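A short worksheet on the structure shown next.
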Amino acid sequence: MQIVIQPDAQAVARYGAAAIIRQIRQHPASVLGLATGATPILLYQQLITAYQHGEVSFQAVKTFNLDEYIGLAATHPQSYRYFMQHHLFNHIDIQPENTAVPEGDAADPLLACEQYEQKIMAAGGIDLQLLGIGRNGHIGFNEPSSGLRSRTRVKTLTQQTIADNARFFAPGEYQPHLSITMGIGTILDARKVLLLATGKAKAKVVKAMIEGPLSASCPASALQLHQQATVVLDEEAASDLEQLAFYRHIEQENAALLRRLNRD
């Protein structure tokens, strides 16, 4: 697991966007796994700006989103399909048929989960998976106790996740308690993983993910098993890490090595 510490949330977004742009430039038909939530919004703004400046094209890119609420139509303002259209897809040159989000209003959610897994496999698997992390350690909607080899499935949201997301729903409005989510096993199948975390509220769970034991009680700790997982943090999110100085040292050594290689 590569730990990258940036000064603030904007710098985290720039680093993450640069990684995605680099992936697309190297492989224009890349398959990207995408995430919703507050943290990726700044990154998506960076991608939109890069596209507008002619620095990247999404024409051949395919995307698969991590999750979706069960019970919300794609047109609902709080659905993750709506989120992605509003924050990214409507502003870049990606082909609409190449954007996949789980069907929250599917007549048979269990069948929809199986079909989503099959669609990912048919696309050749995910090249780079973008992640955020919930305050209870969830990635996607893989809540604590999720199986570390789980596949796309229906998942019940914890009370904490429901409370955290309640601010997005009007008082008295229906708020889903179920979701469709890629499983932890599905996420670990991605060739590269890029997790972003910002803010002091994430510091405790970031420490558990990086320095704690591999445990279903912190689903994000499964990334310890991934050979190409990069975790990008701002100073606040990194503030509880016991080995903070060592992680900074590693990054300095890696940067120095790259400079030497580039000179040679």
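Read-outs: derived from the displayed coordinates by stated rules, not from any lab. If you're wondering where the values come from, they're calculated on a predicted model, not measured in any experiment. Reconstructed Cβ throughout: ideal geometry from the backbone, glycine too, with neighbour counts over all protein chains shown.
Estimated at 0.36 nm per residue, the fully extended path between Arg14 and Gln2 surpasses their Cα-Cα distance by 2.6 nm.
Label-to-label distance, Lys204 versus Leu110, with points set 7 angstrom from Cα along the beta-carbon direction: 3.7 nm.
So, in Å, what gap is there between the alpha-carbon centers of the range 128-181 and the range 19-70? Between the Cα centre of the range 128-181 and that of the range 19-70, the gap is 21 Å.
Partner aspartates and glutamates whose Cα lies under 12 Å from the Cα of Lys155, excluding those fewer than 8 positions away in the same chain, are identified as Asp67, Glu68, Glu143. Legend: ranking of residues His138, His87, His249, His177 from fewest to most surrounding C-beta atoms inside 10 Å; resulting order His249, His177, His87, His138.
What is the order of Arg248, Arg149, fewest Cβ neighbours within 10 Å to most?
Values: Arg248 15, Arg149 11.
If I rank by nearby Cβ atoms, fewest first, I get Arg149, Arg248.
Based on DSSP H runs of at least 4 residues, each adding -39500 (n - 2.57), what is the mean residue ellipticity at 222 nm of the chain after dividing by all its residues, to the nearest 500 deg cm²/dmol? Kindly include the intermediate steps, with their values, before the conclusion.
Details: 8 runs with 96 residues, N = 264.
Calculated from helices alone, the mean residue ellipticity at 222 nm is -11500 deg cm²/dmol.
Annotation for Ala123 and Ala38: the two label points, set 7 Å from Cα along the Cα-Cβ direction, are 2.8 nm apart. Put simply, the amide H of Val101, placed in the peptide plane, has neighbours under 5 Å in Asn65, leaving out anything fewer than 5 places away on its chain. Between Glu251 and Ile162, the contour length at 0.36 nm per residue exceeds the Cα-Cα span by 28.4 nm.
Relative contact order for the chain using alpha-carbon pairs under 8 Å, separation at least 6, rounded to a whole percent? Once divided by the residue count of the chain, the mean separation gives 24 percent. Annotation: the residues Val56, Val154, sorted from fewest to most other C-beta atoms within 10 Å of their own C-beta, follow the order Val154, Val56.
Each listed q (0.12 Å⁻¹) maps to a log10 I(q)/I(0) for the chain from the Debye sum over equal C-alpha point scatterers, namely -0.70.
Think of the chain as having a plus end and a minus end, set by charges on the Cβ of Lys, Arg, Asp and Glu; of Ile92, Gln59, Ile210, Ile210 sits farthest toward the positive end of this dipole. Of all stretches in the chain that contain no chymotrypsin sites (Phe, Trp or Tyr not before Pro) in a DSSP loop with at most 15 other Cβ atoms within 10 Å, the longest one is 1-168.
Under 16 Å from a label point set 7 Å out along the Cα-to-Cβ vector of Gln95, the amide N atoms of the range 21-45 belong to 28-32.
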